[in-house]
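Below is one structure, written out as structure tokens, with a few remarks after it.
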Amino acid sequence: MTLDYQLEPRQIAPGVWIFEGSDGDFDRSNGGNILNTGFIETDAGAVVIDPGPTQLYGTQMRAAIERVTDKGIARVYITHRHPDHVVGAQAFSDSPVYALPHTRNALEIDGEALLDGLFRLLGDWMRDSQAVHPDHEAVPGPERIGDRALRFIAWGGHSGQVASDLAILDEQTGVLFAGDLVFNGRAPTTPHADLDAWRKALDAILAMRPQMIVPGHGSAPTTMQAVEETREWLQWLETHLRDAAQRGVSIGEALTLPIDERFSDWSLARHEYVRSVNHLYPEYRDAVLHWNTERAPAP
């Protein structure tokens with residue numbers, strides 16, 4: 001069987017292109033192509049944003065970029081630590097690869113383990129894939145690359161508490177590549193999440209009001225509604241889990257609780273809810289136990 005992601009770049013604004021993935025989960029039918037990636041054209045070369053989940057994806061992404069522009073690759077940016085956004089950087093080894101310090105550190109520590117997980121899930125799609133270690137530090141603030149003015153923003157939330165998630169704003173068009181801070185019609189993932197920091201990042205995006213948003217997962221591009229809906233999910237999830245813990249619900253019972261009907265038609269809503277209970281519920285349960293212990297009368 002020939003493995004082919006059939007990547008076709010789609011222009012969403014002048015000089016701004018995306019590759020839209022499916023809204024499903026990792027499996028061998030999609031080769032891990034479940035995210036949105038992209039690039040911005042400059043006269044110094046393309047600025048690549050999230051090179052994808054496998055060496056093969058990165059190779060085919062690069063070939064597709066080179067069909068659009070003959071300027072080469074200026075830089076590659078990785079928005080956060082999760083491997084579906086990282087591994088394809090192998091195909092751009094002759095270009096500088098940038099990530100925030102938090103991401104670089106996480107990949108140094110956990111890169112091999114994350115890669116092993118993808119090999120189990122994706123099989124032959126991962127052939128020749130290796131752990132990636134970005135060699136340049138992404139610095140928040142404005143920067144001109146060739147003829148393009150970009151703004152790099154470090155927020156926390158999806159993959160850690162502080163400065164763990166990189167967003168990239170193209171000043172010319174107002175397109176914001178939000179990474180996994182924003183999901184559209186697909187339930188957010190939370191394995192390394194800090195929900196409070198994540199909501200604050202979404203509040204900052206709402207205040208910024210970009211013209212267009214490329215979410216990490218789900219239909220792209222999208223509007224501010226996806227930012228608001230991502231925030232609503234996170235707020236509901238936190239309130240829901242805290243209330244369940246205060247009622248003494250066990251983790252097994254919490255796994256089966258209903259999902260708010262606002263999210264009933266979202267892709268992977270039940271799947272990601274179950275994952276989030278496993279990731280997050282022990283913290284809420286332990287907080288209640290600690291509170292009850294502190295309030296217990298002295299013997």
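The values are calculated or read from the model by the stated rules, or taken from the named source; none is laboratory data. On a predicted model such as this, the values are computed, not experimentally measured, just so you know. Here Cβ is always computed from backbone atoms with ideal geometry, including for glycine, and neighbour counts include all displayed protein chains. Heavy atoms of the whole protein, side chains included, go into the accessibility calculation; ligands, DNA and RNA do not. Shrake-Rupley method; radii C 1.70, N 1.55, O 1.52, S 1.80 Å.
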Does D147 satisfy being acidic (D, E), within 14 Å of the chain's Cα centre (by Cα) and open to solvent by 30 Å² or more (accessible area, probe 1.4 Å)?
-> no
Identify, please: which residue in the stretch 35-57 is of a type outside the set (A, V, I, L, M) and over 25 Å from E143 (Cα atoms) and is, among those, surrounded by the fewest Cβ atoms within 10 Å (Cβ to Cβ)?
-> Q55
In this structure, does A296 turn out to be at pLDDT 95 or above, more than 19 Å from the chain's Cα centre (by Cα) and either β-branched (V, I, T) or open to solvent by less than 80 Å² (accessible area, probe 1.4 Å) (or both)?
-> no
Condition met for E171 (closer than 20 Å to A269 by Cβ and either surrounded by fewer than 16 Cβ atoms within 10 Å (Cβ to Cβ) or among the polar types (S, T, N, Q) (or both)) = no
Any idea how many residues of the stretch 38-62 are without any contact (Cβ under 8 Å) to a residue 40 or more places away in the chain and over 18 Å from A131 (Cβ atoms)?
-> 3
Mind listing whichever residues of the stretch 266-281 are open to solvent by 30 Å² or more (accessible area, probe 1.4 Å), modelled with pLDDT of 95 or more and over 12 Å from W233 (Cβ atoms)?
-> R270, H271, V274, R275, N278
Somewhere in the stretch 123-130, is a residue more than 17 Å from the chain's Cα centre (by Cα), part of a loop (DSSP other than H, G, I, E, B) and of a type in the set (G, A, S)?
-> yes
Would you call G32 at positive phi and in contact with a Ser or Thr (Cβ under 8 Å, 6 or more places away or on another chain)?
-> yes
Residue hits (the stretch 206-233; of a type in the set (G, A, S) and closer than 22 Å to D260 by Cα) are G218, S219, A226
Is the stretch 238-250 home to any residue that is open to solvent by less than 70 Å² (accessible area, probe 1.4 Å) and closer than 16 Å to T79 by Cβ?
-> no
Unmet requirement for T223, which otherwise passes all of (1) of a type in the set (V, I, T); (2) open to solvent by less than 10 Å² (accessible area, probe 1.4 Å); (3) under 23 Å from V48 (Cα atoms) = (2)
